[in-house]
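Notes follow once the structure below has been shown.
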Amino acid sequence: MIDSPGTPAASAPPGVSGGGPLLVYDGGCPFCRHFAALSELRSGIPDLGIRDGRADHALRASLAQRGYRLAEGAVLIDGERVLHGAAAIQWLCARMRPSAALLRLLGPLLADTPRAERLYPLLLAARRLALGVKGLPVDPDQAAASAAQSEAKAGGTGRGW
């Protein structure tokens, strides 16, 4: 689900408020984590916040309930507007005034909507590869479900481990 400039965007999920835009990213992915940290610290976007969606189960569930799955891309919440995937990254890159070399490279590449939509699947493929190397599932909700099943099985054996 990508909100494009010509369509109305969904409103922000409950419990998300603040003065500036919020980038929700997959903290299990080293590329995503590095991009998010650089975006927060050195992008030049005032009051940009970042939140690890893999660690923030409530926020991830709220977004997923509304059709914004972290497994399909980053989410950017700006006031009442929610952008997902390529649209989220394009929004960020179009507003960046980066001081970090990586952001100076990615910013112009992804600031253009058609180019961002073409290149974003490559970023998702790199994310999948990095998560696979780390042994993490692509979908953070899959990890949570597996952990819950393992816990239920352990509780059912009476061993508690």
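The values are calculated or read from the model by the stated rules, or taken from the named source; none is laboratory data. Not measured: the values here are computed from a predicted model. Virtual Cβ from ideal backbone geometry, glycine too; neighbours counted across all protein chains shown.
Residues checked against (1) part of a helix (DSSP H, G or I); (2) touching a Phe, Trp or Tyr at 6+ places or on another chain (Cβ under 9 Å); (3) among the aromatic types (Phe, Trp, Tyr):
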{"residue": "20", "(1), (2), (3)": "no, no, no"}
{"residue": "24", "(1), (2), (3)": "no, yes, no"}
{"residue": "41", "(1), (2), (3)": "yes, no, no"}
{"residue": "76", "(1), (2), (3)": "no, yes, no"}
{"residue": "99", "(1), (2), (3)": "no, no, no"}
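When you look at residue 5, is it over 26 Å from residue 142 (Cβ atoms) and modelled with pLDDT of 90 or more, yes or no?
When the stated conditions are applied, residue 5 does not pass them.
Condition check: at pLDDT 85 or above and in a helix (DSSP H, G or I). Does residue 128 satisfy that? Walk me through it before giving the result.
On the way: at pLDDT 85 or above: yes; in a helix (DSSP H, G or I): yes.
Answer is yes for this residue.
Is it the case that region 114-129 has a residue that's touching a Phe, Trp or Tyr at 6+ places or on another chain (Cβ under 7 Å), closer than 17 Å to residue 22 by Cα and of a type in the set (A, V, I, L, M)?
No, there is no match, as no residue in region 114-129 is touching a Phe, Trp or Tyr at 6+ places or on another chain (Cβ under 7 Å), closer than 17 Å to residue 22 by Cα and of a type in the set (A, V, I, L, M).
Tally the residues that are over 13 Å from the mean Cα position of the chain (by Cα) and within 18 Å of residue 40 (Cα to Cα), restricting the search to region 57-89.
Adding up the residues that qualify gives 2.
Please work out which residue is nearest to residue 63 (Cα to Cα), limiting yourself to region 90-111 and to residues that are within 19 Å of the chain's Cα centre (by Cα) and surrounded by fewer than 16 Cβ atoms within 10 Å (Cβ to Cβ).
This residue is 94.
Please name all residue pairs, on different chains or six or more residues apart, with Cβ atoms under 7 Å, provided the first residue is in region 29-47 and is in contact (Cβ under 8 Å) with a residue 60 or more places away in the chain and closer than 20 Å to residue 131 by Cβ and the second residue is among the hydroxyl-bearing types (Ser, Thr, Tyr) and crowded, with 17+ Cβ neighbours inside 10 Å.
32/25
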